[in-house]
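Trainee: Below is a structure I'd like to ask you about.
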Amino acid sequence: MTTAPPSPRVLPHPARDEIRLESVLHALSDPVRMRIVSELADAEAALSCSRFDLPVTKSTSTHHFRVLRESGVIQQAYEGTAKMNGLRREDLDALFPGLLDALLTAARRQTVRDTGA
């Protein structure tokens, strides 16, 4: 008996117990990825990749989403032809209590400081 190869439409994600702090911190150390996470944190539902207006090329955007997914920060799933993105807040809060909120608050304060808004 042979097993069928995984569908190319199913994206690999780390299980909760495989998420590592150093991978999460690396993923969130990039301003574009932090921007993605901030937008997801503010959203009430999953967002498609096309909903993000990022200052990078499409291929670079794809790279950033992949880093976030592989580190365990976001969950991605296909809905039709759209790749939907959601923040893995429950997993991150269980593993690293307060970390995500602290980083989001710090990122918002930095944005205000940088823009003078």
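Trainee: Taking into account only those residues within the range 84-117 that are among the hydrophobic types (A, V, I, L, M, F, W, C) and open to solvent by 70 Å² or more (accessible area, probe 1.4 Å), which is farthest from the chain's Cα centre (by Cα)?
Mentor: My answer is 117.
Trainee: Scan the range 41-50 and tell me whether some residue there is buried (at least 16 other Cβ atoms within 10 Å of the Cβ), closer than 16 Å to residue 92 by Cβ, under 10 Å from the mean Cα position of the chain (by Cα) and at pLDDT 95 or above.
Mentor: No, the conditions are met nowhere in the range 41-50.
Trainee: Among the residues of the range 72-83, write down those that are open to solvent by 50 Å² or more (accessible area, probe 1.4 Å) and within 15 Å of residue 16 (Cα to Cα).
Mentor: Listed by number, the list holds a single entry, 75.
Trainee: Run residue 69 past the list (1) within 25 Å of residue 110 (Cβ to Cβ); (2) open to solvent by 70 Å² or more (accessible area, probe 1.4 Å); (3) in contact (Cβ under 8 Å) with a residue 24 or more places away in the chain and report the number of the one that doesn't hold.
Mentor: Among (1) within 25 Å of residue 110 (Cβ to Cβ); (2) open to solvent by 70 Å² or more (accessible area, probe 1.4 Å); (3) in contact (Cβ under 8 Å) with a residue 24 or more places away in the chain, residue 69 violates only (2).
Trainee: Pairs only if they're at least six apart or on different chains, beta carbon under 6 angstrom, first in the range 1-16 and at pLDDT 55 or above, second surrounded by 10 or more Cβ atoms within 10 Å (Cβ to Cβ) and assigned to a loop (DSSP other than H, G, I, E, B); list them, first residue then second.
Mentor: 14/72
The values are calculated or read from the model by the stated rules, or taken from the named source; none is laboratory data. This one's a predicted model, so the numbers in the text were calculated from it and none came from an experiment. Quick reminder, even Gly has a Cβ in these numbers, built from the backbone with ideal geometry, and neighbours come from all protein chains shown. SASA here: full protein model, heavy atoms, side chains in, ligands and nucleic acids out. Shrake-Rupley method; radii C 1.70, N 1.55, O 1.52, S 1.80 Å.
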